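Structure first, then comments.
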């Protein structure tokens, strides 16, 4: 588990194809690796990876075909800057929100504008993910824990303060940029709990289910 509070910005140092998979070497910059051992988890722009080797200036990890298909990892190139966070400890301050490092979908930056010393971003989420995004709720964008300012369908707005811009990759974002999105973990489990025994039959919270349980009125 992670908090979404970025500890360092690193960069992709090497990408080695392994059949349908990939081995990546990440140069970790100022991230302290003194307490990291092979097998430990590190979030790379919101993607939980397992460190398999520690060459000194960073770590190597294997990236599965599933991860390449469901995240922006497939677009990474040597030199791409990435947000880094080590897995939390029981004593870690939970300054962001609980983040699993399991990306739910890929969004797209559609607008950026200045607002005083902050920057405002509008991001389009995949349609299937929109139901988990709530105004003033939490969302993880490329590993960064952020507060949703407003929601309009599958579009949501963010206000990014100068410190976050300086300490993450967010200042590089322009319209058209693809980003990893992870919804609040509570929202995902709540949906399954509401389904009850129907969860085993497949499907989700469709209009018929909502109407049957009094959430929709004619």
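The values are calculated or read from the model by the stated rules, or taken from the named source; none is laboratory data. Here the structure is a predicted model, which is why all the values come from computation and not from measurement. Glycine gets a Cβ as well: all are built from the backbone with ideal geometry, and neighbour counts include every protein chain shown.
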Task: Filter result for residue 74 (free of Cβ contacts under 8 Å to residues at least 24 places away in the same chain and either touching a helix residue (DSSP H, G or I) at 6+ places or on another chain (Cβ under 8 Å) or assigned to a helix (DSSP H, G or I) (or both)) - done: yes
- [ ] Kindly check whether there is at least one residue in the range 27-34 that is part of a strand (DSSP E or B) and more than 17 Å from the chain's Cα centre (by Cα).
- [x] yes
Task: Exclusive hit being out of contact with any helix residue (DSSP H, G or I) (no Cβ under 8 Å at 6 or more places or on another chain), modelled with pLDDT of 95 or more and over 13 Å from residue 179 (Cβ atoms), set 112, 93, 120, 124 - done: 120
- [ ] Those residues that are surrounded by fewer than 18 Cβ atoms within 10 Å (Cβ to Cβ), under 23 Å from residue 110 (Cβ atoms) and modelled with pLDDT under 95, I need them from the range 162-204; list them, please.
- [x] 187
Task: Output for the range 125-161, where each listed residue is buried (at least 18 other Cβ atoms within 10 Å of the Cβ) and in a strand (DSSP E or B) - done: 138, 139, 140, 141, 144, 145, 146, 148, 156, 158, 160
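Conditions (1) under 15 Å from the mean Cα position of the chain (by Cα); (2) assigned to a strand (DSSP E or B); (3) in contact (Cβ under 8 Å) with a residue 40 or more places away in the chain, marked per residue:
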position: 12; (1), (2), (3): no, yes, yes
position: 24; (1), (2), (3): no, yes, yes
position: 39; (1), (2), (3): no, no, no
position: 50; (1), (2), (3): no, yes, no
position: 56; (1), (2), (3): no, no, no
position: 95; (1), (2), (3): no, no, yes
position: 102; (1), (2), (3): yes, no, yes
position: 106; (1), (2), (3): yes, yes, yes
